[in-house]
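The values are calculated or read from the model by the stated rules, or taken from the named source; none is laboratory data. Keep in mind that this is a model prediction, so the values were computed, not measured. Using ideal geometry, Cβ is built from the backbone for each residue, glycine included, and neighbour counts are taken over all protein chains shown.
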DNA sequence: AATGAATGAGGGTTCATTCAT
DNA sequence: TATGAATGAACCCTCATTCAT
């Protein structure tokens, strides 16, 4: 395979090709920026900080991206990928609507906690340029729509009690996205624990057998 | 100093004293700023915008506050007041732990939706100066602690199933605070509807009679 | 007259109103910038230099203009005013086409040499934003058109020999605009001398009695 | 150093020597740069554009020149060569002063219109480093001086009326150099037409038989 | 009580230039 | 011979803050 750089298998491909190095560095940049954006917000994060964290000059960043906006946008894209991966996972392995929801919730939370830096950036939608925001919102809306689809499916197949799909999605996504405010990697709660617990709370909240309210 | 009170009763107190006028204007400033901070974020909001919305000059603001930071801090104080009011309300009228939680949830949501502008500012904790942030976090922690107290009370009095107080509070507060991202006054969902629905979802999730989880 | 500032005639209006001061300073800014643009070109001129020449900070300039582009644009407007003033003068006082041309040439040169700084900026058309450039070019084209009109008039009334209006205008305007490269105020040649001489050269070049060309 | 010549006759000299290739590429670089400088001005032209036009990388340019300044300087040298070539031509073939002037004018205009890119750079004298500018100005002054010499010669031999040599040169050189602002190759006016017309206008302006002024 | 004017610090971005490969 | 990568200096512009009036 001549493709994959000029090293054609030598050194067991341990040496990376230029393109691979470039991609690697660019990704490192994006992740570092995502972390910073999450911590201080987009507008309060200077590219100097990002550069310093990477050990390079501010100007060097512009070799990999064309603007600060592009960084924010790409971070969003990365985060949205997680959501879609979780959706795909749920669609593939879940049978009932409820099962799909639980699978989605758990998987999404696992991805989120594993890559909290990239995901927290989702709170910065308002800092996107109108054009970029439109793209992001479109994908996010699509995510919500498919999520709601699970709920409707669950109500139809009897696995869920009668609930409002829209508000339920907002409810849960709020709980999840808020993670970025308090979750600390290697902290008291690990990702799996949270994933299980949140999925459990959600399940009890929407399950059809649950009829506690108003008792 | 007689100068601190009202116009000694003249005009039947219809005319506001200097202090009252000052306080009124200052509050107007804070609310306008809160609205702007919520819409665009603290760092992306220029004081010119706030001033313009009030019909004065940027420089005039400095007669009522000493810095942009102070504005943000005061906004936080206002928002935290809502939370504490809801807590007090729950403590006063709830009997079981579960009842208190539901009362708290519903009341807090009602206050939030009624004054979303002031509350959305809570998402801007990171923009606070270290010193101010400490104060805000302390009050918020106190809120969380009392909230968790309700949960523990509920588990003790049998109204709640066995759950993790900390994560449950985070879970719910996340769902609630996320409101600031999608709730629109006079939009399709009104505050009361949301309050009821969210409280219901929460109740089902934590109620003792709920044992749906297939696990 | 309350109009004219708050000074209502007191002090014989020696004291300038705010608005007048503002306009004065803004004009000073424009002239200083025009001078700098002429000397070093638009892109090589930093606003720091302009500010320093005015004894203020770079940021202060932005109180009077909204961008460097605006400065350049306004400079063009000022320069174009001179051209139109000269045109109006010629149209008013000239009888034959030739007379108008000579009047235009002489007056324009006088204005130019008197305010060389502002006029030299005309060489920087390419540095204008597309939108601004369009406006400037439109006015300049209008100037050329009216100039050419004089020539056609002169050929019709017999005061000029048969010449190409377009090239003649370019020819003369080139000679004139080139002034900005070599003319120095208070130098060996004063404005009036140049104006007379250039007008004379032009006149001989286009006059009907002139039939020197050996061809 | 045998290394300086050709490949010792091999390949019938079809293959160019290193030095020749180098010179060829360097010249290509200069011409491309001159074109760009003319179009956008020295400071607004990025070396990336020049490099892209040549199909190489920005860094590659530095193999042929040592700085952007050097490029500008060499462009000036090329342009000045044209002027001197025209001078030599006029001195060789003209008899009277007037003849020389007309020959110079026509030839210079022909060279200019044929290679407008290189010549337009003459408008960028101010972008030269002081040291380089001095050299350029020296050559340009020499050109002017010889031009003026023709005029004096013409007045002495009776072919020209009494005129001011200095201003006349400025006048004409302005008209000529302004060409770079409006002349478009393959446009409505071709080089020869312009050359003839401008030379004609000049001739009428300075010819001894012309005595129209003031009539 | 409020404004006009000015400042200084900082941010994003561009670009000529360098250097190892 | 030419490239990828990086740098540092400079530039335009914004904004919170101050102060005389």
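As for the range A:88-107, it holds no residue that is under 22 Å from residue A:33 (Cα atoms) and in contact with a helix residue (DSSP H, G or I) (Cβ under 6 Å, 6 or more places away or on another chain). Going through (1) away from DNA strand E (no atom under 12 Å from the Cβ); (2) closer than 16 Å to residue B:125 by Cβ one by one, residue B:87 falls short only on (2). Of the numbered criteria (1) surrounded by 14 or more Cβ atoms within 10 Å (Cβ to Cβ); (2) within 18 Å of residue C:41 (Cα to Cα); (3) within 12 Å of DNA strand F (Cβ to nearest atom), the one residue D:54 fails is (2). Just one of the listed residues (B:195, B:199) is within 16 Å of the chain's Cα centre (by Cα) and within 14 Å of another protein chain (Cβ to nearest Cβ), namely B:195. Checking the condition closer than 27 Å to residue D:189 by Cα, within 16 Å of DNA strand E (Cβ to nearest atom), in contact (Cβ under 8 Å) with a residue 24 or more places away in the chain and within 13 Å of chain C (Cβ to nearest Cβ), which residue from D:124, D:99 passes? Only one candidate passes the filter, namely D:124.
Could you please find all residues in the range D:93-108 being touching a strand residue (DSSP E or B) at 6+ places or on another chain (Cβ under 9 Å) and part of a loop (DSSP other than H, G, I, E, B)? Scanning the range D:93-108 gives a single hit, D:96. Per this entry, residue C:205 is not counted among residues that are over 19 Å from the mean Cα position of the chain (by Cα) and either more than 7 Å from chain D (Cβ to nearest Cβ) or modelled with pLDDT of 95 or more (or both).
Listed residues D:87, D:122; which is within 21 Å of residue C:181 (Cβ to Cβ) and either within 10 Å of the chain's Cα centre (by Cα) or outside any helix (DSSP H, G or I) (or both)? Being within 21 Å of residue C:181 (Cβ to Cβ) and either within 10 Å of the chain's Cα centre (by Cα) or outside any helix (DSSP H, G or I) (or both) holds for just one of D:87, D:122, which is D:122. Scanning the range D:130-143 for any residue that is under 24 Å from residue D:187 (Cβ atoms) and surrounded by 15 or more Cβ atoms within 10 Å (Cβ to Cβ) turns up nothing. Residues in the range C:132-143: is at least one in contact (Cβ under 8 Å) with a residue 60 or more places away in the chain and either farther than 28 Å from residue C:34 by Cβ or within 8 Å of chain D (Cβ to nearest Cβ) (or both)? Checked the range C:132-143: no residue is in contact (Cβ under 8 Å) with a residue 60 or more places away in the chain and either farther than 28 Å from residue C:34 by Cβ or within 8 Å of chain D (Cβ to nearest Cβ) (or both).
Does residue D:29 satisfy the condition of being crowded, with 19+ Cβ neighbours inside 10 Å, over 23 Å from residue C:40 (Cα atoms) and either within 16 Å of DNA strand E (Cβ to nearest atom) or at pLDDT below 95 (or both)? Spelling it out, residue D:29 is indeed crowded, with 19+ Cβ neighbours inside 10 Å, over 23 Å from residue C:40 (Cα atoms) and either within 16 Å of DNA strand E (Cβ to nearest atom) or at pLDDT below 95 (or both).
Checking each residue in the range A:55-73 for being in contact (Cβ under 8 Å) with a residue 24 or more places away in the chain and part of a loop (DSSP other than H, G, I, E, B) picks out A:64, A:65. In summary, helices (runs of 4 or more DSSP H) completely within the range A:130-215 and bearing 2 or more residues that are farther than 22 Å from residue B:170 by Cα occur at A:130-156.
Beta carbons closer than 8 Å, at least 6 apart along the sequence or on distinct chains, pair a first residue in the range D:42-54 that is within 14 Å of another protein chain (Cβ to nearest Cβ) and farther than 23 Å from residue C:123 by Cα with a second that is modelled with pLDDT of 95 or more and within 11 Å of DNA strand F (Cβ to nearest atom) for D:48/D:58.
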